1. Just for the chain, what percent of DSSP beta bridges are antiparallel, to the closest 5?
2. Using modelled amide H (1.01 Å from N, peptide plane; none on Pro or chain starts), what sits under 5 Å from the amide H of residue 345, excluding residues fewer than 5 places away?
3. Return one number: the angle in degrees, 0 to 90 and rounded to the nearest 10, between the long axis of the Cα atoms of helix 331-340 and the longest principal axis of the Cα atoms of the chain.
4. When the Karplus curve 6.51 cos²θ - 1.76 cosθ + 1.60 is applied with θ = phi - 60°, which whole-Hz ³J(HN,Hα) does each residue of the stretch 143-153 get, with x for Gly and Pro?
5. Using the alpha-carbon atoms, what tilt in degrees (0 to 90, nearest 10) does helix 261-274 show relative to the longest principal axis of the chain?
6. Using a 10 Å Cβ count of at most 12 others and DSSP loop calls, identify the longest part of the chain lacking such trypsin sites (Lys or Arg not before Pro).
7. Take every Cα pair under 8 Å in the stretch 2-195 that's 6+ residues apart, average their separations, divide by the length, and report that relative contact order as a whole percent.
8. Over the alpha carbons of the stretch 261-417, what is the largest minus smallest coordinate on each principal axis, giving the biggest first in Å?
Amino acid sequence: MEVSIIGGGYAGLVTGACLANLGHRIIIIDKNTEKVQITNNKQSPIYEPGLENLLQQHVGIKLHATTEFDSISSSDIILICVGTPSKSDGSIDLSYIKSACLSIGSTVKNNCCIVIKSTVLPGTTEKIVRPLICMASGKSEKEINFAANPEFLQEGRAIEDFMYPDRIIIGTNNLYTRKQITKLYRGIYAPILYTSIPIAEMIKYTSNAFLATKISFSNEIGNICKHLNINTYEVMKGVGLDQRIGSQFLNSGVGFGGSCFKKDLSALILLAQRSKEDPILLQSVLDINTCQPHRMITSLENKLGNLSGKRIAVLGLAFKNKTDDIRDSQTIPVINELLQKGACISAYDPMAIKNMQQVFPDINYCHNVIDALTNADGCLIMTEWEEFSQLNTEFNVMKNKVIIEGRKIVSCKGVDGICW
Ligand code: UGA
């Protein structure tokens, strides 16, 4: 099939590369010329395991990136994969969606299927996307097809998630679109749930809200276990063996970061409040997550006293391992608090230093763990990078061997976990 993808970010690029791998002809449209050039040079503008390999195989043959919307006129399917960031009040910013709709509308062909993959609140496709595209194209709702097909890709394992998903959700109200999208995923073996557009949109929010709830729940239990001197990881192992609960997303520590959970929870909370609901559980999920990074600092102060002038090694800047993404990373509030308290920071991350330099240009970034740890008064482990799991004698170069763990990745003795 001829597929155009609007937005060459994490979701758009991974989706494009994987669909090319399934045999479709893909055009990725992104307004960022640098990103387009890098992609057409068969390199990945982001770090995502396996992505560059797929680009090497398919760019120039089945996949092409461009800043122009010309390809839209021959596309069977158009996937909208643009960002839906938060506004300052927590509500969803639809400006990229709206501008994509106007550009699509100018050249879309009859009977094309327009599929929203971006995370949008229930009602957005029917109340905003559809009218805008119909207005811009001058076509009626019968001449263009619409669907919501949310993505569930996790950064750091997005290719695997795409190729082996737990489920595919297809929200549409017409049979032709259902068939077209099913054809798009031919070669992927997963249960498909056909549903309405608003339900598909709501499934995405509910999934992210539930995963975030599991994490905050585990953090609350972990915070209690810490006082009781009980190993919360053993507790959650026992709890997760119950198939009704499941063992994933029960890791306590510094909490969730990333561009999705906080943003989606905030948007859902606001939507609920506008409907005169008081979503106290969802609000607590966010509140617990906001407090967890502060516990890293409290634990450090309990061991070191006043942090002013102390050298603190911060290991891990990315919001999770296997990515260079620092958006909403829990390391950001930790660095902010350390700076407020007058600490000197030596930071290290295998992938994310360049991105964190945009947020904190003036802290000291190190090329490796040893440089960061040398003469440090304390160390904070912030990201679950595999290479941190091997650390042991490396900590001997510290002035004081005070190590506070936010991810339970380090296995050597003498490490103090915030929840264990
Ligand atoms: C999340 C969802 O997992 C995806 O299904 C969804 O498609 C995506 O958001 C999205 O909406 O686009 P992602 O943000 O990439 O994916 O990363 P996750 O693996 O979910 O991790 C999020 C955060 O939770 C990370 O900071 C991670 O360290 C933390 N986490 C995860 C925990 O603190 N404990 C856990 O047990 C698991």
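1. Close to 5 percent.
2. When sequence neighbours closer than 5 places are left aside, the close amide H contacts are 312, 364.
3. It works out to around 50 degrees.
4. Coupling constants for the stretch 143-153: 8, 10, 10, 10, 8, 10, 9, x, 9, 10, 6 Hz.
5. It is inclined by approximately 70 degrees.
6. 1-141
7. Working: 370 pairs, mean separation 38.4, N = 194.
Relative contact order of the stretch 2-195: 20 percent.
8. Computed over the Cα atoms, the extents are 56, 31, 31 Å.
The values are calculated or read from the model by the stated rules, or taken from the named source; none is laboratory data. Given the structure is predicted, the values throughout are model-derived calculations rather than measurements. Cβ: placed from backbone, ideal geometry, glycine included. Neighbour counts: every protein chain shown. Accessible surface areas use protein heavy atoms only, side chains included; no ligands, DNA or RNA. Shrake-Rupley method; radii C 1.70, N 1.55, O 1.52, S 1.80 Å.
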